[in-house]
Amino acid sequence: MLDLHEVPSPLGPLVLASRGDALVGLHLPGSTSARPSGAACLTAILDRAATQLAEYFAGTRTAFELALVLEGTEFQRRVWEALCAIPFGVTCSYQAIAKAIGQPTAARAVGAANHRNPIAIIVPCHRVIGADASLTGYGGGMAAKQLLLAHEKARGTQLVLGGLA
């Protein structure tokens, strides 16, 4: 059973989901995936996540410090863990993520895993763009991706197409 808590954001209401002491989901308002079901409850992890998201949107937080459980295939989890290595204000290509996880020919599969990221924003899939620096799809809609990238750029950080070590 999931515990759920809805928080306001510039994107609209975000639905946080936890199981036990770990965050397992963040549902965006423009997402095509089903909204999680569970009991409305403000647990300690949901409260911490809500606070850190408020700080992120206020411009005082650039990294999240939360217990996460990334539920997916081994490949998806590797992609999502690589996303967490993309610094605030930096963008990265699908190809760079594929190379970082040791599968340089898997850029399309990286895109598919990116689209299934269960903890958007906190696992920053919005920072992944096309190799030509074009904005590509986003599970919460392109307007949400543009807003998140503009938010990070406005914090005085230069958005650059970077790589991962």
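The values are calculated or read from the model by the stated rules, or taken from the named source; none is laboratory data. Computed from a predicted model, the values in this text were never measured in an experiment. Please note: Cβ atoms are built from the backbone with ideal geometry, for glycine as well, and neighbour counts cover all protein chains shown. Side chains included, ligands, DNA and RNA excluded: accessible areas come from the protein's heavy atoms. Shrake-Rupley method; radii C 1.70, N 1.55, O 1.52, S 1.80 Å.
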Can you bin segment 2-45 into rounded, prolate or oblate? Criterion: square roots of the alpha carbon gyration tensor eigenvalues sorted a ≥ b ≥ c, rounded for a/c under 1.5, prolate for a/b above b/c, oblate for the rest.
prolate
Per-residue SASA entry for Thr136, accessible area with 1.4 Å probe, Å² rounded to 10:
40
What is the gain in length, in nm to one decimal, between Ala39 and Ala67 on full extension, counting 0.36 nm per residue of separation less the C-alpha to C-alpha distance?
8.1 nm
Over all pairs of different Cα atoms in segment 83-149, the reciprocal of the mean inverse distance gives a Kirkwood radius in Å of 11.8
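Which shape class, rounded, prolate or oblate, goes with segment 3-74 when its Cα gyration tensor gives a ≥ b ≥ c as root eigenvalues, a/c under 1.5 marks rounded, and past that a/b bigger than b/c marks prolate?
It is rounded, given that a/c, with a ≥ b ≥ c, falls under 1.5.
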Between the modelled labels at Arg155 and Ala112 (7 Å from Cα along Cα→Cβ) the distance in nm is 3.2
Determine, from the Cβ-Cβ distance of Glu74 and Ala54 and an R0 of 35 Å, the FRET efficiency 1/(1 + (r/R0)^6), rounded to the nearest 0.05.
0.60
For the chain, compute Rh as the Kirkwood radius over C-alpha pairs and then the Stokes-Einstein diffusion coefficient at 20 °C and 1.002 mPa s; write the answer in µm²/s, rounded to an integer.
135
Could you state the angle between the C-alpha long axis of helix 142-154 and the longest principal axis of the C-alpha atoms of the chain, as a value from 0 to 90 degrees rounded to the nearest 10?
80
